[in-house]
Structure formats: structure tokens, C-alpha cells
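Okay, so here's the structure we're looking at.
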Amino acid sequence: MTVPLTPQPPANDSFQTRRWRSGEQHFWPAPRWLALQRRILRGHMEHALISPLYRPRRSRYLAWANEVKTGAAGIYFGNLPFTSKEQLPAAVDQILRDSDLPVREWVTTSGTLGGPLSVPLTRPDLDRLAANEAAALALAGIRPGDLVLSTVAMDRQFVAGLAYWLGLQRLGAGAVRAGPLACASWDVLQELLKRYRPQWLITVPSLLLPLCGQRRRGGYRGLRGIIGIGEATRGQNLLPNAMAKALAVTFGAPVLNTYASTETCATFAEGLTCTGGHLNPQLAICEIIDAHGVPLPPGAPGEVVVTPLGVQGLPLIRFRTGDIAALYADPCPCGRTTPRLGPVLGRLGQLLKIRGVSVYPSTVFNVLDGHKNVADSAAVATRDAAGGDVLTLHVQLGADTPDARAAVEAGIRAVLRVLPVINYCDGAGLRAIKTGAGRKPLRFVDRR
């Protein structure tokens, strides 16, 4: 069965397809968009079960399919099996070898916790990706005719830069694709901002951190917002974290966040009055589970599980992303009724035990980003001879003095209750750590 590219609204809906694609479904009463998800899921599963990933286990999935139900809080999958990252390479290899799937684009994951995974996108998948990002960018506040400066890489098969470009074109907005090096210095970035005068900036937020405090007279102040990718810009209280606050002061614009993964191509996006990234109900179903696979209630952090709807190239059912976050179902100030995903606390494999204390890298960075003496930072995890976790913080200070070092160490100890190994370095040394770890700049490098 061929799954429609864009799920169609129910026949009794009077609004036009244009409004359907504009995000109005985010404001529907919950029973209405839940019923929509259930209808789309049926077709999605029929298509997924003939794909190389699920075809060998088709009978097993069919046996549990009747357990899928719609409840007051969402879709319940019962005992329907999860899909792990480890299951995907074999299916992708089969597609590469002997599938007649009409692939139009091969993209890859970043390989943060392992080797990059190739993901096939068909023509309908590319159209879905464009519609997905257009809806997310519109939710953030970007409008047709706006100009957006993107510093997200589009080369080396990265999907993020491609997705943003497709979304902006679908939305009718303009793009300046400058790439990550645009954030290399204040002068370089300001020259781009002044020349093109964009209303929006899309970037990995920590790339801008070294520029904080460098604001000069005559700097461009015309941004309406900064859209961050790949890093949390809110704390667990759903308020802007230290990094978001520092960037907002430096650039005179609020920092918004988006969350997505290459495997799912489904985006959780927030607007200026949102507290968390909203689920797009026509494109994905989201669950949060504990270590035993049991669904968790709203507000409880656990592993993010996504079922991306309408995908043709690599359709997934209950895909375990490995990211840790919470889903919130209480009313959002923006008026949308769909659940919101809170900040990603870390990856499932990134939790560290430092002398008996559990630490996520995001907690460490929130401390460092909010410290007045810290210009930028990175963290590297290794193991000691006994197999225990060792966390080394590489810290660039604004002014490297004994008092500044003592203040930083006191701030870290106050929050973490333990003091990791700290290496004070300059900007060049820090960049070498971030860019030498893999396909994209990383603030946290796991070498365990």
C-alpha cells in the first residue's frame, strides 16, 4: 500500500488544504487530532510492514496491532515492539543491495554515539520533509518574505541544512546559506548580518557562545529570533537556560529551539510564547518510556520514542531515539493543544556516574554557560583504570586569573556536588576538541 504524502483532513472539515498545512491542527481539541493520528497510523503501519525492516516480523506485528488504542492522553501501542537504532543498518543495507525503492536523496545521521547511518529519502519523503520544516518554521514565527541566515551545514549528507532550506522554500521565505564558519568571529557574522539584514538566524547555539560579550556599537540588531538546533535552550523548568539568556542579550533576540532526528524527519518546534516544542500531530506520534519500556506520565523524563507518520523510504514504528526528555500535556501559553517536548537532557548512553553522582552533560553546560567568567566550554568523558567514568571539562575563560578559576570551580561544585577534572585552555584548543570528534562540532565528546 502506498501511504499518501500528506495525510488528508477528514471529509467533513470545511477549511481549505492551505489552512490544514498552516498548522491549524495544533489548535484542534485533543480528541480530534488523536482521531486523526489513529487514522494515519493505520496506513503508515500497512506500508511499514512490507518494508525490509519489518517484513520478516510482519506476523508478530499484526498479532499485536489490535492492541493499539486511542486514550485521553494519546496513542497507546500496548505490546507492539519498539524499533532500536541497532536494527536499522541491516535494513538500509538491503535497500542498497536489492530494493527498487526510488531513492532521490541519501542523508546520514551525525554518528554522535557510533558510525553514521544512511537514511533513504524518496521524492514524497523530500516533500514531507519540506512540509514538516515549513510548519515548524512557521510555528516559530517565520513568514513568507522573511530572510533567514542559516549557519547549519548542508554538505556531507547532513539532513538538517537540507531540511531547513526545503522548509524555507516551501514557506516562501528567503535563505542565506552561510554554513558554520559564519560563527567563527563577531566580525564575520556581523558582516553577513549587516549585508543581508535577515530577520532570523538558524544555528547551533553554542557556536555563538564565544561571541557573547563582544557586542560592539553599530552591530546589527534587526533579528526577530534565533532558532537553535541540536542543543537544549531551556531548563527543566521550561524557562530559557543560561546559554539562551546570554545569546538573547548579545543579539537582542529571543532564542527558540527545534528538536528532530535524521531517522524520523519529524520536528518539535516552539514559538515565541511556547514552553517547549510542539508535536505536529499529522506527522508523528511521540511517547516517553522508562528503562523497561513502560510509558511514563506527562512531565516525567525518559527516552523519547517517535513513530514518524507518512514516511516511505525508511518507515519506522516506535523508534527509540536514545534521547532523554519529558513530554508536557498541560495548557501551553500559545494556545496550542498538542503535547510539547521539553529540553533534551542528554542521550541514553551519556549519563555519567562521577564518584557516585549522576550527571548529564547538559547540567554541566548550564552551569558553565551561566558563569560570567566562562567564554566557552566542552566536555570529554573517558574511563579510569577501574572502569569508572571520568569527566574532563575544557574551559575557556574570559580572563584567566586565579580568582576566575576559583569562582568557576566553586560554581560547578555547588551544583554537581563533585568537581570534575578541569583543563583551562584557549579558543584554539577548544575548537580542536569540538571539531576533532566527528562529523559535526560537539560540545560533549564521549570516549568511554
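At R0 = 25 Å, how high is the FRET efficiency between residue 290 and residue 249 if r is their beta carbon distance? Nearest 0.05 is fine. Calculated value: 0.10. Here is the list for the range 79-159: trypsin sites (Lys or Arg not before Pro) lying in DSSP coil, each with at most 13 other C-beta atoms within 10 angstrom of its C-beta, are 156. If you split all Cα-Cα distances of the chain into 20 Å bins from zero, what percentages do you get per bin, shortest first? Cα pair-distance distribution for the chain, in percent: 25, 57, 18, 0. For the range 95-180, the extents of the C-alpha atoms along the principal axes are 44, 27, 18 Å, listed from largest to smallest.
Carbon-plus-sulfur accessible fraction, the range 193-287 (probe radius 1.4 Å, protein heavy atoms only): 51%. Taking every protein chain into account, the accessible area of the chain amounts to 43 square angstrom per residue (probe 1.4 Å). Largest first, the extents of the alpha carbon coordinates of the range 117-240 on the three principal axes equal 48, 34, 29 Å.
Note on the chain: helix-only mean residue ellipticity at 222 nm, from DSSP H runs of 4+ residues weighted -39500 (n - 2.57) and normalised by residue number, equals -8500 deg cm²/dmol.
What the Cβ-Cβ distance of residue 50 and residue 90 gives, at R0 = 25 Å and to the nearest 0.05, is a FRET efficiency of 0.90. When peptides 197-204, 345-352 are ranked by their average number of other Cβ atoms within 10 Å per residue, the highest-first order is 197-204, 345-352. For the range 199-332, the direction-averaged projected area of the alpha-carbon convex hull comes to 9.3 nm².
Entry for the range 261-393 at q = 0.11, 0.20 Å⁻¹: log10 I(q)/I(0) = -0.50, -1.18, Debye formula applied to identical alpha-carbon scatterers, no solvent contribution. The length gained on full extension between residue 98 and residue 38, counted as 0.36 nm times the residue separation minus their Cα-Cα distance, comes to 18.4 nm. Comparing mean-square fluctuations of 84, 99, 261 from a GNM of the chain with C-alpha springs under 10 Å, the top value falls on 99. Pairs from the list 353/434; 194/434; 245/353; 85/245 with a Cα-Cα gap above 25 Å: 194/434; 245/353; 85/245. When the charge dipole of the chain is built from unit charges on Cβ atoms (+1 for Lys and Arg, -1 for Asp and Glu) and taken about the Cα centre, the candidate among 119, 425, 43 whose Cα reaches farthest toward its positive end is 43.
Obtain the nm distance between the two label points defined at residue 27 and residue 424 by a simple spin-label model: each point lies 7 Å from its Cα along the Cα-to-C-beta direction. Computed distance between label sites residue 27 and residue 424 equals 5.4 nm.
Dipole of the range 169-328 computed with +1 at Lys/Arg Cβ and -1 at Asp/Glu Cβ about the Cα centre; of 286, 173, 244, farthest Cα towards the positive end is 173.
The values are calculated or read from the model by the stated rules, or taken from the named source; none is laboratory data. These figures come from a predicted structure and were not determined experimentally. Neighbour counts are summed over all protein chains in view; Cβ atoms, including those assigned to glycine, are modelled from backbone coordinates with ideal geometry. Heads up: the accessible areas ignore ligands, DNA and RNA and are worked out on the full protein's heavy atoms, side chains in. Shrake-Rupley method; radii C 1.70, N 1.55, O 1.52, S 1.80 Å.
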